[in-house]
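A short worksheet on the structure shown next.
The values are calculated or read from the model by the stated rules, or taken from the named source; none is laboratory data. Quick caveat, the model's predicted, so the values are computed rather than measured. Positions of Cβ are backbone-derived with ideal geometry, glycine not excepted, and every protein chain shown enters the neighbour counts.
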Amino acid sequence: MRPEELDPALTIETLAVHAGQEPDEATGAVSPPIYQTSTYRQAGVGRPIDDYDYARTKNPTRDRFERAVAALEGGGFGIAFASGSATTAAIAELAEPGTEVVVGDDVYGGTFRYLERVRGPQGVVTRYADLAADPEAMWESLSDRTRLVWFETPTNPLLKVVDVRAAAGVVRERFGSGPRPILVVDNTFATPVLQRPLDLGADIVFHSATKYLAGHSDTVIGVAVTRDPAIAERLRFLQNAAGAVPGPFDCFLALRGLRTLPLRVGRHNANASEIAAFLADRDDVDWLSYPGLGSGRHAHPQAACASQQMRAGGGMVSFVPRGRDRQSARDRAIAICEATRIFTLAESLGGVESLIELPAVMTHASVAGSRLEVPEALIRLSVGIEGATDLIEDLRQAMDAAG
């Protein structure tokens, strides 16, 4: 199937297998080759073949990955970067010195660090708002200087859910027909299998593709998708000018991962749902967040929005254990993290294996002391594709052993 023959109306399961994965034009190889090259022969002086002049600017393997993610997100343009953080940096460059960025109040620690410690000294002001509780809360944070509105949904690590359509509506209402901020949604946790923010009014959707898109904890890569040609042109310029591009092998690994994305996300979600139900039934859990949990004392506050916006609750679960006797909740959380046998104590998420971590001292240490500081006893689970009964038993023994 050639790129021009790919019907965008195909199901995401079919797109995942075929978008960007067309057999090699030269040989018919079903698994496309890795173009491990730094430069290209030109047909004449200043006459590159199909604009392939230097691999930082363009690479056939990267082209395929960018087209694939764009198709999955229902967008027109994919722009890949060396990491999710490099993608963050490129998008943040769309806010010029003297402008402002409105950000959801629960984001990855690296995003907070970059906006505050890199863009802040350059004259970009970042304002934080609880966009999950009420998208209207964004209104007071917006000004004529706002260049970007930026949030995750579900958020990291509290798993709040932001109504993308409502947030886009607030921006349109506030700015009318005049110039308006660019709405940026980090879709790393949900993936295009569960939600497509561009369809809901976002201007840019991006991923740390290291996580679910690649899915095997064996590469670091990022990608942004937009339907706006002007935004795409600027991001493409930044991709080339800054040079933070992924290598061909990284793109190949991510492409390979995409082929099983819907299958993996389905299993991640099914396992996470069972684990959330298990944790909800325990009396030693003080707080629990899972977007697919719609009832009971741990019902997610935005469960209704999640059910409308997402196809399922996702593969992430966060909870705070209850302290016992003289043991604090934090000490117990540490003990749980260190007692699991199948869940691996590690940062990152979205791989086939289950991971457990304490965000306050791991992925979100950079937000300590800020309004984005996370609870010190919060445990974040990235639920893998192992057997659900094994994962639940592992958590059970770890929580029991922790006191």
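Computed quantities for the displayed model
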{"item": "One residue from Asp186, Asp203, Asp284 being over 15 Å from the mean Cα position of the chain (by Cα) and in contact (Cβ under 8 Å) with a residue 40 or more places away in the chain", "result": "Asp284"}
{"item": "Selected residue (criterion: nearest to Pro262 (Cα to Cα)) from residues of region 48-62 that are out of contact with any strand residue (DSSP E or B) (no Cβ under 9 Å at 6 or more places or on another chain) and among the charged types (D, E, K, R)", "result": "Arg56"}
{"item": "Number of positions in region 351-367 that are touching a residue at least 60 places away in the same chain (Cβ under 8 Å) and over 14 Å from Val317 (Cβ atoms)", "result": "8"}
{"item": "Which numbered condition Pro229 misses (of (1) surrounded by fewer than 16 Cβ atoms within 10 Å (Cβ to Cβ); (2) in contact (Cβ under 8 Å) with a residue 60 or more places away in the chain; (3) not assigned by TED's automatic domain parsing to the domain that holds Val69)", "result": "(3)"}
{"item": "Near pairs, Cβ below 7 angstrom, 6+ apart or cross-chain, from region 17-39 (among the aromatic types (Phe, Trp, Tyr)) to any residue that is buried (at least 16 other Cβ atoms within 10 Å of the Cβ)", "result": "Tyr35/Asn59; Tyr35/Pro60; Tyr35/Thr61; Tyr35/Pro248"}
{"item": "Residue in region 92-100 that is under 27 Å from Pro262 (Cα atoms), surrounded by fewer than 19 Cβ atoms within 10 Å (Cβ to Cβ) and in contact with a helix residue (DSSP H, G or I) (Cβ under 9 Å, 6 or more places away or on another chain) present", "result": "no"}
{"item": "Given (1) within 23 Å of Gly84 (Cα to Cα); (2) touching an Asp or Glu at 6+ places or on another chain (Cβ under 7 Å); (3) surrounded by 21 or more Cβ atoms within 10 Å (Cβ to Cβ), number of the condition Leu159 does not satisfy", "result": "(2)"}
{"item": "Restricting region 180-215 to residues that are of a type in the set (D, E, K, R) and outside any helix (DSSP H, G or I), the residue that is nearest to Leu258 (Cα to Cα)", "result": "Lys211"}
{"item": "Residue under evaluation Phe237, criteria (1) more than 15 Å from Val69 (Cα to Cα); (2) touching a residue at least 24 places away in the same chain (Cβ under 8 Å); (3) among the aromatic types (Phe, Trp, Tyr), criterion not met", "result": "(2)"}
{"item": "Residue check for Ser307: closer than 24 Å to Ala168 by Cβ, among the hydroxyl-bearing types (Ser, Thr, Tyr) and over 15 Å from the mean Cα position of the chain (by Cα)", "result": "yes"}
{"item": "Test: residue in region 42-61 that is at pLDDT below 95, closer than 28 Å to Gly266 by Cα and crowded, with 17+ Cβ neighbours inside 10 Å", "result": "no"}
{"item": "Output for region 347-383, where each listed residue is within 16 Å of Leu279 (Cβ to Cβ) and of a type in the set (Gly, Ala, Ser)", "result": "Ser354, Ala377, Ser382"}
{"item": "Qualifying residue in region 98-112 (condition: of a type outside the set (Ser, Thr, Tyr), over 29 Å from Ile12 (Cα atoms) and touching a Gly at 6+ places or on another chain (Cβ under 9 Å))", "result": "yes"}
{"item": "Verdict on Gln21 being of a type in the set (S, T, N, Q) and exposed (fewer than 13 other Cβ atoms within 10 Å of the Cβ)", "result": "no"}
{"item": "Selected residue (only one of Ser382, Ser348, Ser370 is in contact (Cβ under 8 Å) with a residue 24 or more places away in the chain, touching a helix residue (DSSP H, G or I) at 6+ places or on another chain (Cβ under 8 Å) and assigned by TED's automatic domain parsing to the domain that holds Gly266)", "result": "Ser370"}
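Yes/no per residue for (1) within 30 Å of the chain's Cα centre (by Cα); (2) of a type in the set (D, E, K, R); (3) within 20 Å of Gly222 (Cα to Cα):
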residue: Pro23; (1), (2), (3): yes, no, no
residue: Gln36; (1), (2), (3): yes, no, yes
residue: Arg47; (1), (2), (3): no, yes, no
residue: Lys58; (1), (2), (3): yes, yes, yes
residue: Phe65; (1), (2), (3): yes, no, yes
residue: Gly74; (1), (2), (3): yes, no, yes
residue: Gly78; (1), (2), (3): yes, no, yes
